[in-house]
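Scroll down for the structure; my scribbles are underneath it.
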Amino acid sequence: MSTTKKSTEQVPFLERPIVRTILPIAGFVIICVLFAILTDGRLFQPKNISLLLSQSYMLLISSIGVFMVMTMGGLDFSQGSMLGVASIVVCYLSHYNMVLAALGGVVTGGLIGLINGYFNVKRKITSFIVTICTMYLFRGVCAYATTNSPVYAVSDISKYNTLPFMLTFTVIIFVVAYLVFTYTGLGSRLKAIGAGETAARFAGIRVETTKILVFVAAGCITGLAAFVNAIKVGSVTSTAGNQLETQIMIALVLGGMPVNGGAKVRFYNIILGVMTYKVLSSGLVMLMMPTQLQQLILGIIFLIEVAIFSDRKTGMIVK
(Lines give C-alpha, C1' and ligand atoms only; values in the text may rest on other atoms or scores of the structure.)
Protein backbone atom coordinates (compact mmCIF):
# COMPACT_ATOMS: atom_id res chain seq x y z
CA MET A 1 0.00 0.00 0.00
CA SER A 2 2.84 2.34 0.83
CA THR A 3 4.51 1.49 -2.49
CA THR A 4 1.32 2.40 -4.37
CA LYS A 5 1.03 5.65 -2.49
CA LYS A 6 4.66 6.46 -3.17
CA SER A 7 4.33 5.76 -6.92
CA THR A 8 1.19 7.91 -7.09
CA GLU A 9 2.96 10.79 -5.37
CA GLN A 10 5.82 10.57 -7.87
CA VAL A 11 3.48 11.19 -10.79
CA PRO A 12 3.15 14.94 -11.49
CA PHE A 13 -0.33 16.25 -10.84
CA LEU A 14 -1.01 17.17 -14.49
CA GLU A 15 0.22 13.76 -15.67
CA ARG A 16 -2.35 11.79 -13.67
CA PRO A 17 -4.95 10.13 -15.94
CA ILE A 18 -7.95 11.38 -13.95
CA VAL A 19 -6.65 14.96 -14.13
CA ARG A 20 -6.02 14.75 -17.87
CA THR A 21 -9.56 13.45 -18.33
CA ILE A 22 -11.26 16.05 -16.15
CA LEU A 23 -9.37 19.17 -17.27
CA PRO A 24 -10.81 19.40 -20.85
CA ILE A 25 -14.34 18.73 -19.55
CA ALA A 26 -13.91 21.31 -16.81
CA GLY A 27 -12.57 23.77 -19.38
CA PHE A 28 -15.61 23.27 -21.59
CA VAL A 29 -18.00 23.80 -18.67
CA ILE A 30 -16.14 26.91 -17.49
CA ILE A 31 -16.15 28.44 -20.99
CA CYS A 32 -19.88 27.73 -21.41
CA VAL A 33 -20.73 29.26 -18.03
CA LEU A 34 -18.42 32.25 -18.60
CA PHE A 35 -19.90 33.18 -21.98
CA ALA A 36 -23.43 32.48 -20.79
CA ILE A 37 -22.83 35.16 -18.17
CA LEU A 38 -20.94 37.60 -20.42
CA THR A 39 -23.57 37.39 -23.20
CA ASP A 40 -26.54 37.41 -20.81
CA GLY A 41 -27.51 33.95 -22.04
CA ARG A 42 -27.80 35.04 -25.68
CA LEU A 43 -25.12 32.59 -26.83
CA PHE A 44 -27.27 29.63 -25.82
CA GLN A 45 -30.58 30.78 -27.22
CA PRO A 46 -32.11 28.20 -29.60
CA LYS A 47 -31.35 30.17 -32.76
CA ASN A 48 -27.74 30.69 -31.71
CA ILE A 49 -27.31 27.03 -30.79
CA SER A 50 -28.64 26.08 -34.22
CA LEU A 51 -26.16 28.50 -35.82
CA LEU A 52 -23.36 27.09 -33.67
CA LEU A 53 -24.14 23.57 -34.85
CA SER A 54 -24.32 24.60 -38.49
CA GLN A 55 -20.84 26.11 -38.19
CA SER A 56 -19.48 22.96 -36.53
CA TYR A 57 -20.29 20.17 -39.00
CA MET A 58 -17.37 20.77 -41.36
CA LEU A 59 -14.87 21.17 -38.51
CA LEU A 60 -16.17 18.08 -36.72
CA ILE A 61 -15.83 15.87 -39.79
CA SER A 62 -12.43 17.14 -40.93
CA SER A 63 -11.06 16.83 -37.38
CA ILE A 64 -11.56 13.04 -37.48
CA GLY A 65 -8.84 12.54 -40.09
CA VAL A 66 -6.36 14.84 -38.35
CA PHE A 67 -7.16 13.06 -35.07
CA MET A 68 -6.01 9.77 -36.60
CA VAL A 69 -2.84 11.33 -38.03
CA MET A 70 -2.01 12.95 -34.69
CA THR A 71 -2.69 9.70 -32.83
CA MET A 72 0.22 8.08 -34.66
CA GLY A 73 2.45 11.06 -33.86
CA GLY A 74 2.11 13.04 -37.10
CA LEU A 75 0.72 16.42 -38.07
CA ASP A 76 -1.36 17.46 -41.07
CA PHE A 77 -1.38 21.11 -42.09
CA SER A 78 -2.76 20.51 -45.59
CA GLN A 79 -6.39 20.11 -44.50
CA GLY A 80 -7.52 23.62 -45.46
CA SER A 81 -6.05 23.48 -48.97
CA MET A 82 -7.25 19.90 -49.36
CA LEU A 83 -10.78 20.96 -48.45
CA GLY A 84 -10.61 23.85 -50.92
CA VAL A 85 -9.60 21.62 -53.85
CA ALA A 86 -12.07 18.89 -52.90
CA SER A 87 -14.84 21.51 -52.62
CA ILE A 88 -14.11 22.64 -56.17
CA VAL A 89 -14.53 19.05 -57.39
CA VAL A 90 -17.75 18.66 -55.38
CA CYS A 91 -19.23 21.88 -56.76
CA TYR A 92 -18.32 20.94 -60.33
CA LEU A 93 -19.73 17.40 -60.12
CA SER A 94 -22.88 18.53 -58.29
CA HIS A 95 -24.20 19.70 -61.66
CA TYR A 96 -24.33 16.04 -62.71
CA ASN A 97 -25.20 14.07 -59.58
CA MET A 98 -24.96 14.69 -55.82
CA VAL A 99 -23.73 11.18 -55.02
CA LEU A 100 -21.07 11.56 -57.72
CA ALA A 101 -20.14 14.92 -56.20
CA ALA A 102 -19.64 13.38 -52.75
CA LEU A 103 -17.56 10.54 -54.21
CA GLY A 104 -15.50 13.03 -56.19
CA GLY A 105 -14.70 14.94 -53.01
CA VAL A 106 -13.71 11.74 -51.22
CA VAL A 107 -11.46 10.57 -54.08
CA THR A 108 -9.82 14.01 -54.38
CA GLY A 109 -9.09 14.14 -50.67
CA GLY A 110 -7.82 10.57 -50.72
CA LEU A 111 -5.37 11.31 -53.56
CA ILE A 112 -3.96 14.32 -51.74
CA GLY A 113 -3.68 12.19 -48.60
CA LEU A 114 -1.81 9.57 -50.64
CA ILE A 115 0.69 12.22 -51.72
CA ASN A 116 1.21 13.23 -48.08
CA GLY A 117 1.61 9.61 -47.03
CA TYR A 118 4.03 8.77 -49.84
CA PHE A 119 6.46 11.58 -49.07
CA ASN A 120 6.18 11.03 -45.33
CA VAL A 121 6.65 7.25 -45.40
CA LYS A 122 8.60 6.46 -48.56
CA ARG A 123 10.74 9.60 -48.80
CA LYS A 124 11.20 9.85 -45.00
CA ILE A 125 10.14 13.51 -44.78
CA THR A 126 8.43 14.49 -41.55
CA SER A 127 4.68 14.96 -41.82
CA PHE A 128 5.01 18.57 -40.67
CA ILE A 129 7.24 19.50 -43.63
CA VAL A 130 5.30 17.43 -46.17
CA THR A 131 1.90 18.85 -45.30
CA ILE A 132 3.20 22.42 -45.12
CA CYS A 133 4.45 21.97 -48.70
CA THR A 134 1.20 20.44 -49.96
CA MET A 135 -0.73 23.15 -48.11
CA TYR A 136 0.92 25.81 -50.28
CA LEU A 137 0.82 23.64 -53.39
CA PHE A 138 -2.91 22.97 -53.29
CA ARG A 139 -3.71 26.46 -52.07
CA GLY A 140 -2.16 27.55 -55.36
CA VAL A 141 -4.29 25.03 -57.24
CA CYS A 142 -7.39 26.34 -55.51
CA ALA A 143 -6.45 29.95 -56.32
CA TYR A 144 -5.76 29.08 -59.98
CA ALA A 145 -9.08 27.23 -60.38
CA THR A 146 -11.01 30.21 -59.01
CA THR A 147 -9.02 32.98 -60.74
CA ASN A 148 -11.77 34.17 -63.08
CA SER A 149 -14.75 33.51 -60.81
CA PRO A 150 -15.86 31.30 -57.93
CA VAL A 151 -16.79 27.72 -58.77
CA TYR A 152 -20.52 27.41 -58.18
CA ALA A 153 -22.40 24.29 -57.18
CA VAL A 154 -25.76 23.34 -58.65
CA SER A 155 -28.33 26.00 -57.83
CA ASP A 156 -30.56 23.85 -55.62
CA ILE A 157 -27.75 22.40 -53.47
CA SER A 158 -28.93 24.56 -50.57
CA LYS A 159 -31.98 22.30 -50.15
CA TYR A 160 -29.65 19.86 -48.38
CA ASN A 161 -28.54 22.54 -45.94
CA THR A 162 -31.03 21.53 -43.27
CA LEU A 163 -30.54 20.49 -39.65
CA PRO A 164 -31.86 16.91 -40.14
CA PHE A 165 -29.65 16.18 -43.16
CA MET A 166 -26.44 17.81 -41.90
CA LEU A 167 -26.76 16.42 -38.39
CA THR A 168 -27.58 12.91 -39.64
CA PHE A 169 -24.72 13.01 -42.14
CA THR A 170 -22.25 14.11 -39.44
CA VAL A 171 -23.50 11.60 -36.86
CA ILE A 172 -23.23 8.69 -39.31
CA ILE A 173 -19.62 9.60 -40.12
CA PHE A 174 -18.81 9.90 -36.42
CA VAL A 175 -20.41 6.59 -35.51
CA VAL A 176 -18.59 4.75 -38.31
CA ALA A 177 -15.27 6.39 -37.40
CA TYR A 178 -15.76 5.58 -33.71
CA LEU A 179 -16.59 1.93 -34.39
CA VAL A 180 -13.62 1.51 -36.71
CA PHE A 181 -11.22 3.29 -34.36
CA THR A 182 -12.42 1.44 -31.26
CA TYR A 183 -13.41 -2.06 -32.35
CA THR A 184 -11.19 -2.97 -35.32
CA GLY A 185 -7.83 -2.60 -33.60
CA LEU A 186 -7.00 0.48 -35.69
CA GLY A 187 -6.95 2.70 -32.62
CA SER A 188 -4.54 0.39 -30.80
CA ARG A 189 -2.20 0.25 -33.78
CA LEU A 190 -2.18 4.02 -34.21
CA LYS A 191 -1.53 4.56 -30.50
CA ALA A 192 1.29 2.03 -30.65
CA ILE A 193 2.88 3.84 -33.59
CA GLY A 194 2.46 7.14 -31.79
CA ALA A 195 4.15 5.73 -28.67
CA GLY A 196 7.08 4.36 -30.65
CA GLU A 197 7.46 3.09 -34.20
CA THR A 198 10.27 0.65 -33.40
CA ALA A 199 8.28 -1.07 -30.67
CA ALA A 200 5.23 -1.12 -32.96
CA ARG A 201 7.22 -2.95 -35.64
CA PHE A 202 8.40 -5.55 -33.14
CA ALA A 203 4.76 -5.99 -32.12
CA GLY A 204 3.97 -7.03 -35.69
CA ILE A 205 2.33 -3.79 -36.86
CA ARG A 206 2.91 -2.89 -40.50
CA VAL A 207 3.87 0.67 -39.68
CA GLU A 208 4.53 2.06 -43.16
CA THR A 209 1.37 0.59 -44.68
CA THR A 210 -0.73 1.78 -41.75
CA LYS A 211 0.64 5.32 -41.94
CA ILE A 212 -0.04 5.63 -45.68
CA LEU A 213 -3.56 4.26 -45.28
CA VAL A 214 -4.28 6.69 -42.44
CA PHE A 215 -3.16 9.67 -44.53
CA VAL A 216 -5.41 8.45 -47.34
CA ALA A 217 -8.31 7.93 -44.92
CA ALA A 218 -7.78 11.40 -43.47
CA GLY A 219 -7.97 12.84 -46.98
CA CYS A 220 -11.15 10.90 -47.77
CA ILE A 221 -12.80 12.17 -44.60
CA THR A 222 -11.83 15.73 -45.50
CA GLY A 223 -13.49 15.08 -48.87
CA LEU A 224 -16.72 14.41 -46.97
CA ALA A 225 -16.18 17.67 -45.07
CA ALA A 226 -15.79 19.39 -48.46
CA PHE A 227 -19.19 17.99 -49.48
CA VAL A 228 -20.71 19.55 -46.35
CA ASN A 229 -18.89 22.81 -47.07
CA ALA A 230 -20.22 22.94 -50.64
CA ILE A 231 -23.77 22.37 -49.40
CA LYS A 232 -23.46 25.13 -46.82
CA VAL A 233 -21.70 27.74 -48.97
CA GLY A 234 -22.81 26.83 -52.50
CA SER A 235 -19.59 28.00 -54.14
CA VAL A 236 -15.81 27.94 -53.75
CA THR A 237 -13.36 30.84 -53.77
CA SER A 238 -9.59 30.94 -53.36
CA THR A 239 -10.02 31.31 -49.57
CA ALA A 240 -12.03 28.09 -49.12
CA GLY A 241 -10.73 26.19 -46.10
CA ASN A 242 -8.38 29.00 -45.14
CA GLN A 243 -6.91 28.40 -41.64
CA LEU A 244 -8.93 25.19 -41.25
CA GLU A 245 -5.79 23.32 -40.18
CA THR A 246 -5.20 25.84 -37.37
CA GLN A 247 -8.79 25.54 -36.19
CA ILE A 248 -8.53 21.73 -36.14
CA MET A 249 -5.28 21.82 -34.20
CA ILE A 250 -6.61 24.24 -31.58
CA ALA A 251 -9.87 22.29 -31.27
CA LEU A 252 -8.18 18.92 -30.75
CA VAL A 253 -5.78 20.28 -28.17
CA LEU A 254 -8.66 22.00 -26.35
CA GLY A 255 -10.30 18.58 -26.20
CA GLY A 256 -7.28 17.14 -24.38
CA MET A 257 -5.54 15.60 -27.40
CA PRO A 258 -1.78 15.12 -26.84
CA VAL A 259 0.04 16.79 -29.75
CA ASN A 260 2.46 13.87 -29.99
CA GLY A 261 -0.29 11.22 -29.96
CA GLY A 262 0.24 7.88 -28.27
CA ALA A 263 -1.67 5.92 -25.66
CA LYS A 264 -3.34 8.91 -23.98
CA VAL A 265 -5.48 9.76 -27.01
CA ARG A 266 -9.26 9.43 -26.61
CA PHE A 267 -11.89 9.59 -29.37
CA TYR A 268 -14.06 12.01 -27.39
CA ASN A 269 -11.22 14.56 -27.72
CA ILE A 270 -12.71 15.42 -31.13
CA ILE A 271 -16.25 16.35 -30.08
CA LEU A 272 -15.24 17.96 -26.80
CA GLY A 273 -12.51 20.00 -28.48
CA VAL A 274 -14.54 21.19 -31.46
CA MET A 275 -17.49 22.25 -29.31
CA THR A 276 -15.17 24.03 -26.86
CA TYR A 277 -13.50 25.87 -29.73
CA LYS A 278 -16.80 26.84 -31.33
CA VAL A 279 -18.33 28.10 -28.08
CA LEU A 280 -15.14 30.06 -27.37
CA SER A 281 -14.84 31.61 -30.83
CA SER A 282 -18.57 32.35 -31.11
CA GLY A 283 -18.58 33.89 -27.65
CA LEU A 284 -15.67 36.17 -28.54
CA VAL A 285 -17.46 37.26 -31.72
CA MET A 286 -20.69 37.91 -29.81
CA LEU A 287 -18.76 40.10 -27.37
CA MET A 288 -17.63 42.07 -30.46
CA MET A 289 -13.94 41.69 -29.69
CA PRO A 290 -11.53 42.78 -32.45
CA THR A 291 -10.16 39.97 -34.62
CA GLN A 292 -6.62 40.63 -33.39
CA LEU A 293 -7.69 40.24 -29.76
CA GLN A 294 -9.59 37.04 -30.58
CA GLN A 295 -6.46 35.57 -32.18
CA LEU A 296 -4.36 36.64 -29.18
CA ILE A 297 -6.74 34.94 -26.72
CA LEU A 298 -6.94 31.75 -28.80
CA GLY A 299 -3.16 31.71 -29.13
CA ILE A 300 -2.62 32.01 -25.39
CA ILE A 301 -5.16 29.28 -24.64
CA PHE A 302 -3.63 27.01 -27.29
CA LEU A 303 -0.13 27.49 -25.84
CA ILE A 304 -1.35 26.67 -22.33
CA GLU A 305 -3.18 23.55 -23.53
CA VAL A 306 -0.15 22.30 -25.46
CA ALA A 307 2.00 22.77 -22.36
CA ILE A 308 -0.48 20.76 -20.29
CA PHE A 309 -1.26 17.91 -22.65
CA SER A 310 2.07 17.26 -24.38
CA ASP A 311 3.61 13.96 -23.32
CA ARG A 312 7.05 15.13 -22.25
CA LYS A 313 8.15 11.67 -21.06
CA THR A 314 8.48 10.32 -24.57
CA GLY A 315 10.75 13.10 -25.79
CA MET A 316 9.01 12.54 -29.09
CA ILE A 317 9.42 14.63 -32.18
CA VAL A 318 6.84 14.92 -34.93
CA LYS A 319 7.08 11.97 -37.33
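Observations on the structure shown:
- Each residue in the stretch 279-296 was checked for being under 11 Å from Ile250 (Cβ atoms) and either touching a Leu at 6+ places or on another chain (Cβ under 9 Å) or of a type in the set (A, V, I, L, M) (or both), and 2 of them qualify.
- Condition check for Val175: within 17 Å of the chain's Cα centre (by Cα) and modelled with pLDDT of 95 or more: yes
- As a summary of the residue check, Gly41 satisfies the conditions (1) over 29 Å from Val106 (Cα atoms); (2) surrounded by 14 or more Cβ atoms within 10 Å (Cβ to Cβ) except for the one numbered (2).
- Restricting Asn269, Asn260 to residues that are more than 23 Å from Leu38 (Cα to Cα), within 12 Å of the chain's Cα centre (by Cα) and not charged (D, E, K, R) narrows the list to Asn269.
- Any hit, the stretch 1-11, residues being at pLDDT 90 or above, assigned to a helix (DSSP H, G or I) and among the hydroxyl-bearing types (Ser, Thr, Tyr): no
- Candidates Ala218, Ala230 - the one that is closer than 22 Å to Ile125 by Cβ and of a type outside the set (Lys, Arg): Ala218
- Filtering the stretch 48-95 to residues that are among the polar types (S, T, N, Q) and not in a helix (DSSP H, G or I) leaves Gln55, Ser56, Ser78, Ser94.
- Among the residues of the stretch 183-225, those identified as aromatic (Phe, Trp, Tyr) and either surrounded by 15 or more Cβ atoms within 10 Å (Cβ to Cβ) or farther than 28 Å from Val171 by Cβ (or both) are Phe202, Phe215.
- Among the residues making up the stretch 133-149, those that are over 11 Å from Ile112 (Cβ atoms) and either surrounded by fewer than 16 Cβ atoms within 10 Å (Cβ to Cβ) or free of Cβ contacts under 8 Å to residues at least 24 places away in the same chain (or both) are Cys133, Tyr136, Gly140, Ala143, Tyr144, Thr147, Asn148, Ser149.
A quick yes/no check of all residues on (1) surrounded by fewer than 13 Cβ atoms within 10 Å (Cβ to Cβ); (2) more than 16 Å from Ile64 (Cα to Cα); (3) in contact (Cβ under 8 Å) with a residue 12 or more places away in the chain:
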| position | (1), (2), (3) |
| --- | --- |
| Val151 | no, yes, yes |
| Thr162 | yes, yes, no |
| Thr170 | no, no, yes |
| Leu179 | yes, no, no |
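- Members of the stretch 70-84 that are under 17 Å from Ala143 (Cβ atoms) and of a type in the set (Gly, Ala, Ser): Ser78, Gly80, Ser81, Gly84
- All positions within the stretch 99-111 that are in contact with a helix residue (DSSP H, G or I) (Cβ under 9 Å, 6 or more places away or on another chain), within 19 Å of Asp156 (Cα to Cα) and surrounded by fewer than 20 Cβ atoms within 10 Å (Cβ to Cβ): Leu100, Leu103
- Residue within the stretch 274-281 that is modelled with pLDDT of 90 or more, closer than 26 Å to Tyr118 by Cα and crowded, with 24+ Cβ neighbours inside 10 Å present: no
- Flag if Ala199 is out of contact with any strand residue (DSSP E or B) (no Cβ under 9 Å at 6 or more places or on another chain), under 30 Å from Ala263 (Cα atoms) and of a type in the set (A, V, I, L, M): yes
- Residue within the stretch 99-119 that is farther than 22 Å from Val228 by Cα, without any contact (Cβ under 8 Å) to a residue 40 or more places away in the chain, part of a helix (DSSP H, G or I) and aromatic (Phe, Trp, Tyr) present: yes
- Residues that are more than 17 Å from Leu93 (Cα to Cα) and in contact with a Lys or Arg (Cβ under 9 Å, 6 or more places away or on another chain) within the stretch 135-164 comprise just one, Asn161.
- Against the numbered list (1) more than 20 Å from the chain's Cα centre (by Cα); (2) exposed (fewer than 14 other Cβ atoms within 10 Å of the Cβ); (3) modelled with pLDDT under 95, Gln243 comes up short only at (1).
The values are calculated or read from the model by the stated rules, or taken from the named source; none is laboratory data. Nothing here was measured: the structure is a model prediction, and the numbers come from that model. Reconstructed Cβ throughout: ideal geometry from the backbone, glycine too, with neighbour counts over all protein chains shown.
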